[in-house]
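Here is the structure we will look at, set down as C-alpha cells.
The values are calculated or read from the model by the stated rules, or taken from the named source; none is laboratory data. Source: prediction; values computed, not measured. Quick reminder, even Gly has a Cβ in these numbers, built from the backbone with ideal geometry, and neighbours come from all protein chains shown. These accessible areas exclude ligands, DNA and RNA; they are computed on the full protein's heavy atoms, side chains included. Shrake-Rupley method; radii C 1.70, N 1.55, O 1.52, S 1.80 Å.
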Amino acid sequence: MGDYIDAKDNQGDWRMGLIVDKNVNKKIFKIRFDGWDSKYDESYRFGSPKLADFRSMVIGYTGKK
C-alpha cells in the first residue's frame, strides 16, 4: 500500500494510480487514480495485464482536468 503504479481504467486509458488497499487473501489491489475522487477507485487482481510498473505506460499528470 502507498506505492504508485500505472493502471488501465475502465475507459481503457492508462493512468497513474496509488495503491490504497491490498487484500492478500483475495489477491486484489484497490487503486485510486491521480486527481480523481475515491468513487472512481477500481480493484485489480494481482498480475492483471491492466497494471504496469510506475511510469512505464504514462508520463505526467493523468487526472481530471
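Quick one: count up the residues across region 13-38 that are in a loop (DSSP other than H, G, I, E, B), under 15 Å from LEU51 (Cα atoms) and either in contact with a helix residue (DSSP H, G or I) (Cβ under 7 Å, 6 or more places away or on another chain) or at pLDDT 95 or above (or both). Total meeting the criteria: 1. Being at negative phi and either in a strand (DSSP E or B) or polar (S, T, N, Q) (or both) is not true of ILE59.
For region 15-65, the candidate set comprises residues that are loosely packed, with under 14 Cβ neighbours inside 10 Å and among the aliphatic types (A, V, I, L, M); within that set, the residue that is farthest from GLY2 (Cα to Cα) is ILE59. Looking only at residues in region 1-12 that are open to solvent by 90 Å² or more (accessible area, probe 1.4 Å) and over 11 Å from the mean Cα position of the chain (by Cα), the one that is modelled with the lowest pLDDT is MET1.
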